[in-house]
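To start, the structure itself, in structure tokens.
The values are calculated or read from the model by the stated rules, or taken from the named source; none is laboratory data. All of these numbers come straight from a predicted model, not from anything done at the bench. All Cβ positions, even for glycine, are placed from backbone atoms using ideal geometry, and neighbour counts span all protein chains on display. Quick note on the areas: whole protein, heavy atoms, side chains included, nothing else; ligands and nucleic acids left out. Shrake-Rupley method; radii C 1.70, N 1.55, O 1.52, S 1.80 Å.
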Amino acid sequence: MQIRLLRCFEAVARLGSLAAASAELHVTQPALSRQLKDLERTTGFALFDRGGYRLTLTRAGRDFLPHSRKVLLAAAQLDEIVRTQGASPESQLVIACPSETARHIIAPLIAAGQIATARIVTAPADEVLRLLHSGECDIAIGTGVPPHTLAHEVVGTIPITVQYRAEDAAWVEAKARSNLAGENAEMALPGATAGVTLDVKSLADVDVIEVAHYRGVRRTVDDACTAAGTVIKRARAFTLPEVAQAFTSQHGGLCLMSGEPALFELRSMPVSWGGRVLRLPLHAVWSPDSALAPQIRHVVTQISTSVNLDPPEAAWQAPRPE
């Protein structure tokens, strides 16, 4: 069974007409119709009901479609493997990172030509190390602390922020101003900021919306709350950050984020403890025995230049108990 025939079938099934599919595939309608009939002869059953103005899938066609798409996806992946074998070693690297890191840090660097096009595998920040251990990636980027047996570098830090609705801005900004007024003495702390921030103590006063797999955010906020002698008022947790933001836009509260752009007309403000913004270190981790170690080090160096990352020394650390 030829991949070309499956590609024609999938396009007609998705677009619903020979005209639209022929335009997408750059073939004439008669040629496309012949290829569909060739595929039906090969399978031994009709794939489309041709009785109306619009082609509709038969029961057999509906059953056949998902399997065709799996074959087409596998063929595309095989083509990519063949294509990259002749490319530069750096472009063959596989980077595992959270989807937010891929969108806001890795993708802009690829677009700017600072990183050769690489394969990106997305996973929660605390789970990328598992992909590295299993050999599914060459570089793991996340907030989990790597074991000493692996090579690693802190490429930067990400601020923890709260996002909130415009109608809640008066309360949030009043809290931030009161925090700022009481922090004059604390501004001498290393890493303290003179900007407007929301102190972690305020997270006890209003419902907090979280992203379930942001374990590094949760761990750092909990440590800061413990240091401040308060407890966060947790309300809901969602799998996707965009859904957490959407819920906040409708129901209010404070949505804990790790530097993502505010969506749905939400506003954003950094979270702080003692005037110091809570920032998560972002670790790039790889095997010291990798044959591509020089290429990996170059990519890691380029990642550390991202304008969307704060410097490594800005990472927040919980105060040691006296």
Filter result for GLU242 (under 20 Å from the mean Cα position of the chain (by Cα), under 18 Å from ARG218 (Cβ atoms) and charged (D, E, K, R)): no
Residue match in region 307-319 (condition: modelled with pLDDT under 85, in contact with a Ser or Thr (Cβ under 6 Å, 6 or more places away or on another chain) and of a type in the set (A, V, I, L, M, F, W, C)): yes
Candidate set: region 1-19, residues that are closer than 19 Å to PRO66 by Cα and among the aliphatic types (A, V, I, L, M); chosen: the one surrounded by the most Cβ atoms within 10 Å (Cβ to Cβ): VAL12
Hits in region 4-31 (condition: within 35 Å of the chain's Cα centre (by Cα) and of a type in the set (A, V, I, L, M, F, W, C)): LEU5, LEU6, CYS8, PHE9, ALA11, VAL12, ALA13, LEU15, ALA20, ALA21, ALA23, LEU25
Of residues in region 220-262 being among the aliphatic types (A, V, I, L, M), in contact (Cβ under 8 Å) with a residue 40 or more places away in the chain and open to solvent by less than 20 Å² (accessible area, probe 1.4 Å), the one nearest to PRO146 (Cα to Cα): VAL221
Residue in region 59-82 that is surrounded by 13 or more Cβ atoms within 10 Å (Cβ to Cβ), of a type outside the set (A, V, I, L, M, F, W, C) and either at pLDDT below 85 or farther than 12 Å from GLU10 by Cα (or both) present: no
In region 195-219, residue modelled with the lowest pLDDT [restricted to those that are buried (at least 20 other Cβ atoms within 10 Å of the Cβ) and assigned to a loop (DSSP other than H, G, I, E, B)]: TYR214
In region 143-157, residue farthest from CYS255 (Cα to Cα) [restricted to those that are within 18 Å of the chain's Cα centre (by Cα) and at pLDDT 85 or above]: VAL155
Helices (runs of 4 or more DSSP H) fully within region 92-181 counting 3 or more residues that are of a type outside the set (A, V, I, L, M, F, W, C), more than 26 Å from ASP289 (Cα to Cα) and open to solvent by 30 Å² or more (accessible area, probe 1.4 Å): 169-181
Filter result (open to solvent by 50 Å² or more (accessible area, probe 1.4 Å) and assigned to a helix (DSSP H, G or I)) within region 20-58: ALA23, GLU24, GLN29, PRO30, ARG34, LYS37, ASP38, ARG41, THR42
